[in-house]
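The values are calculated or read from the model by the stated rules, or taken from the named source; none is laboratory data. Since this is a predicted model, take the numbers as computed values, not measurements. FYI the Cβ positions are ideal-geometry reconstructions off the backbone, even for glycines, and counts take in every protein chain you see. Surface areas here come from the heavy atoms of the whole protein model, side chains and all, with no ligands, DNA or RNA. Shrake-Rupley method; radii C 1.70, N 1.55, O 1.52, S 1.80 Å.
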Amino acid sequence: MIRLFAVSILLGLTALPVQAFRLCVPEQDFYPLMVLQGRDGTAVRLTNMVFDQLDMSLEVVHRPITRCLQELQHNLVDGFLASPFTPERSQMGVFPLKDQDGLPDERLATLEWTYALYRRKGDTVGWENRRFTGLNGPLGISSGAAITLTMRQQGVEVDDGASTVILNLEKLAAGRVQASLLPRSVADYLLLHTPKLQATIEQAHPEVATGKLYLLLAKDWFQRNPILAQQLWAAFPKVRRSKAYQRSEADFLRRYP
């Protein structure tokens, strides 16, 4: 298992800060991004690879989300992994922006994923014109998923009692929820490698929503390291597309289905 850890070395490149980058990671599980209270996960592995590639020293602290954001706002940490873009959070730290309109540069998203809709074979629940059709029962979503609030605001009955995608698929197969809204890459991988579930469940719609998360930087750190900040943001999508990361992601899904 790849772990985030602090490397106490002095870097010979003047463009890099001598002090380790202090990163706050939520002390909470958001499968598949983070498990084991933020000690492993696809986001954790990706971050390790990015800092290794940039030869940057990294120190990680684990906190509840609210405390991470408070410490970021007061420049007690250098960054937060990872945040959706909101006007409120843009006042707490610095997102990668595409221009002066204040909107994020989505090309520099740290993480991105697509939510797909899954149903039992024979069911007619679907997604058309940005609305569910034939949904009369609970919709299964993994615990902690950011999309849960959006669905509830739309009046959808959400069951977020299952913490992982595989548990949601098993709940769907057992008929305890009518449909499930899950990260497509993870759910498709698990269905492909779980014949019992594949025989019962099908994808009803490939793209209900997309999500993007960003490395949110502390204002003081950004002001001291504006060039390095751009390099850091740009490294995440580059590493995410690499074969090395894809192998690590596949390894994670095998270990934590």
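Calculate for the chain the 222 nm mean residue ellipticity that helices alone would give, adding -39,500 (n - 2.57) per DSSP H run of length 4 or more and normalising by residue count, nearest 500 deg cm²/dmol.
-9500 deg cm²/dmol
Give me the net charge for the shell around residue 237: Cβ to Cβ below 9 angstrom, other residues only, Lys and Arg +1, Asp and Glu -1.
+3
Determine which lysines satisfy two conditions relative to residue 171: a Cα distance under 20 Å, and not lying fewer than 8 residues away in the same chain.
Excluding near neighbours in sequence, the set is 121, 196.
For residue 73 and residue 154 in one chain, what is 0.36 nm times their gap in residues minus the Cα-Cα distance, to one decimal in nm?
This chain segment gains 26.0 nm when fully extended.
Residue by residue through the stretch 128-141, which ³J(HN,Hα) values in whole Hz follow from phi under the Karplus form 6.51 cos²θ - 1.76 cosθ + 1.60 (θ = phi - 60°), with glycine and proline marked x?
With the stated coefficients, the stretch 128-141 comes to 9, 6, 6, 9, 6, 10, x, 8, 10, x, x, 9, x, 9 Hz.
Go through 35, 229, 77 and say which Cα lies farthest out towards the positive end of the charge dipole of the chain; charges sit on Cβ, +1 for Lys and Arg, -1 for Asp and Glu.
Farthest towards the positive pole: 35.
How much net charge surrounds residue 152 when only other residues with a Cβ under 13 Å from its Cβ are counted (Lys, Arg +1; Asp, Glu -1)?
Working: positive: none; negative: 157, 159, 160.
Around residue 152, the surrounding residues sum to -3.
Rounded to the nearest 5, what is the percent of antiparallel bridges among the DSSP beta bridges in the chain?
Antiparallel bridges: around 65 percent, rounded to the nearest 5.
I'd like the Karplus ³J(HN,Hα) series for the stretch 111-121: coefficients 6.51, -1.76, 1.60, θ = phi - 60°, whole numbers in Hz, and an x wherever there's a Gly or Pro.
So the Karplus estimates, Gly and Pro as x, are 9, 8, 7, 10, 8, 10, 9, 10, 9, 6, 4 Hz.
In debye, nearest 20, what is the charge dipole magnitude of the chain about its Cα centre with +1 on Lys and Arg Cβ and -1 on Asp and Glu Cβ, if you could check?
Details: 29 positive and 26 negative charges, 90 e Å.
About 440 debye.
Can you tell which of 22, 184, 152 shows the greatest fluctuation in a Gaussian network model of the chain with Cα springs below 10 Å?
Sorting by GNM fluctuation, first place goes to 152.
Pull up all non-local amide H partners of residue 115: gap of 5 or more, or a different chain, and H-to-H distance under 5 Å with H placed in the peptide plane.
184, 208, 209, 210, 211
Can you give me the % of accessible surface on the stretch 106-184 that is carbon or sulfur? Probe 1.4 Å, all protein chains present, nothing else counted.
Here it works out to 42 percent.
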